Amino acid sequence: MADLLEVSGLTKRFGGLVAVKDMHLRVGAGEILGLIGPNGSGKSTVMKLIMGIEKPNAGSVRIGGVEVAGMPSHRIARMGVGIVFQHSRPLHRQTVLENIKLALLPDSLLQLFAASHIDDRAREIAARVHLDHVMDRLPGTLPFADLRRLELARAIARNPKVVLVDEPFAGLTSGEVADFSALIASFRAEGHAVLLVDHNVKSVAALVDRALAMYLGEFIAEGTADAVMKDETVRRVYLGGAIQTAARTPLEANNSAPLLEVEDVSVFYGKAQALQNVSLHVGAREFVSVVGLNGAGKTTLFNAISGLVPSTGKIRFDGHDLTGRTGAQIARAGIVQCPESRELFGEMSVRENLDLGGQHLPRDVSARQLEWLLELFPILKSRHSQAARTLSGGEQQMLAIARALMMQPRLLILDEPTLGLAPVILEQLSKALENLRQNTEITVLLGEQNVTFALPHADRVYVLEHAHFIWEGSPERFAVEAGAQFL
Ligand SMILES: Nc1ncnc2c1ncn2[C@@H]1O[C@H](COP(=O)(O)OP(=O)(O)OP(=O)(O)O)[C@@H](O)[C@H]1O
Ligand SMILES: [Mg+2]
């Protein structure tokens with residue numbers, strides 16, 4: 001019998017780049033196949049080709065034995081294929097409930113028959129993904145994890161036979177990952193075929209029946225998750241080694257005047273208080289990690305420091321009061337934030353985005369900096385003339401980090417830099433940060449919920465919960481005193 005999803009000889013070229021080359025894969029009913037590979041290896045492109053969002057140059061995609069390659073996306077959707085995008089795409093003017101209802105009624109004609117059972121079914125699905133308490137809210141007001149839930153709810157509503165799930169775990173806490181894993185497992189239990197992409201290797205391995213690894217657009221290994229993770233090529237090009245840092249002595253800077261002082265800072269969004277009397281200090285050359293779950297207020301804190309949201313309280317940088325300064329003035333003073341939302345210039349090339357970062361530096365300095373960054377992230381070198389908006393998720397993340405570093409900031413604020421990065425890139429980034437600590441005057445403020453990345457580098461750690469700090473201390477004490485909900 002034919003598998004629900006059969007892909008063979010699938011090939012996609014973008015100009016001179018072969019993003020996917022002669023790929024083969026099969027997923028049966030009631031099966032989850034994990035698709036892994038480094039950033040830019042072609043995973044999302046494979047999904048877009050199956051879904052008909054991109055047209056293949058060659059190859060076959062069969063759904064239940066029927067050829068669909070080259071068909072428009074809406075027809076493929078009607079054949080029973082659904083995609084859960086990494087970036088949620090809800091209808092922003094409709095409530096959560098209406099969003100789910102619309103997914104239940106893909107065909108506009110059917111809306112004529114919208115009846116009470118549609119409403120019941122939508123509420124049932126919302127309850128299943130734990131959205132029942134926010135049914136009447138607009139998506140724009142939802143926290144990150146709830147938006148991901150809505151994206152999954154819409155997929156459940158469309159009830160596709162073949163489900164493509166692209167990076168569902170990115171940015172989620174371990175508790176949320178467990179929830180989402182259970183939901184994906186329920187697709188399998190109901191006899192769907194699931195193709196899953198994610199860089200959370202442990203959670204993927206725990207969930208999938210089989211794994212398939214790709215690199216530079218091509219197949220490299222397939223088998224049980226265990227066997228694939230042990231494959232030598234997979235280890236070399238994807239997994240890398242464990243994150244290690246050199247032992248360090250506490251910085252003498254800790255005793256000197258702090259570079260950044262945040263005192264009693266509060267931020268309101270309308271009536272909601274996003275930050276509540278928060279105080280923090282970062283010494284010159286110190287590395288401070290702020291650890292907190294989704295919605296705890298990390299991004300708000302960083303935006304307040306960078307002058308991007310209005311706040312009350314005092315923020316001083318290098319002894320100067322930042323009150324009343326614009327974001328641009330604060331950036332010129334040497335505070336550079338690499339935002340979670342990346343904020344790249346999409347129509348500009350990789351190279352142009354980097355050049356903009358370095359425009360205030362003397363020519364020779366910016367040239368050296370550029371060379372170092374392209375060595376650090378070699379994939380950016382090979383994509384240097386490509387428009388930023390067409391980069392893969394992880395490539396965009398690398399570009400955002402590289403652009404921030406290009407500015408040679410005195411204080412570098414990194415907001416969730418690990419989002420969407422392959423393990424091997426995390427290891428590289430970790431080495432680069434360590435290298436910066438040893439060889440430059442840079443001071444770093446890092447926001448993360450990924451503590452395996454946040455702790456090894458940190459001199460000090462703050463834990464942010466519900467808009468205020470609940471703990472501060474050394475990374476060594478973190479595991480014992482504050483780690484329960486993160487580890
Ligand atoms: N429209 C496009 N034009 C040019 N190149 C593109 C285009 N879309 C994707 N690419 C390139 O194709 C390669 C594969 O991209 P894809 O998004 O499939 O990677 P991925 O495996 O999903 O990576 P990640 O893990 O970072 O999300 C990337 O190097 C990307 O830059
Ligand atoms: Mg991708």
| field | Criterion: under 18 Å from Gln337 (Cα atoms), under 19 Å from the mean Cα position of the chain (by Cα) and either assigned by TED's automatic domain parsing to the domain that holds Ile36 or polar (S, T, N, Q) (or both) - qualifying residue of Ser430, Ser392 | value | Ser430
| query | Hey, among the residues in region 190-224 that are of a type in the set (D, E, K, R) and part of a loop (DSSP other than H, G, I, E, B), which one's farthest from ligand 2 (Cβ to nearest atom)? | reply | Glu190
| query | In this structure, is Glu476 of a type in the set (Asp, Glu), assigned by TED's automatic domain parsing to the domain that holds Val265 and in contact (Cβ under 8 Å) with a residue 12 or more places away in the chain? | reply | no
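Let's see how each residue does on (1) more than 16 Å from ligand 1 (Cβ to nearest atom); (2) surrounded by fewer than 23 Cβ atoms within 10 Å (Cβ to Cβ); (3) among the β-branched types (Val, Ile, Thr):
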| site | (1), (2), (3) |
| --- | --- |
| Thr11 | no, yes, yes |
| Leu17 | no, yes, no |
| Val61 | no, no, yes |
| Gly64 | yes, yes, no |
| Lys101 | yes, yes, no |
| Filtered residues of region 76-93 (kept if modelled with pLDDT under 90 and more than 16 Å from ligand 2 (Cβ to nearest atom)) | Pro90, Leu91, His92, Arg93
| message | Need pairs with beta-carbon distance below 6 Å; first residue touching a residue at least 24 places away in the same chain (Cβ under 8 Å) and more than 17 Å from Ile63 (Cβ to Cβ) and within region 191-204, second within 12 Å of ligand 1 (Cβ to nearest atom) and among the small types (Gly, Ala, Ser); sequence gap 6+ or separate chains. | response | His199/Ala422
| Of Met47, Met23, which residue is out of contact with any helix residue (DSSP H, G or I) (no Cβ under 8 Å at 6 or more places or on another chain) and within 15 Å of ligand 1 (Cβ to nearest atom)? | Met47
| Are any of the residues in region 341-349 buried (at least 22 other Cβ atoms within 10 Å of the Cβ) and modelled with pLDDT of 90 or more? | no
| note | Per the filter on region 34-74, residues within 16 Å of ligand 2 (Cβ to nearest atom) and within 22 Å of Phe187 (Cα to Cα) are Gly34, Leu35, Ile36, Lys43, Ser44, Val46, Met47, Lys48, Leu49, Ile50, Met51
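The values are calculated or read from the model by the stated rules, or taken from the named source; none is laboratory data. Computed from a predicted structure; not experimentally measured. Note: ideal-geometry Cβ built from the backbone for every residue, glycine included; neighbour counts use all protein chains shown.
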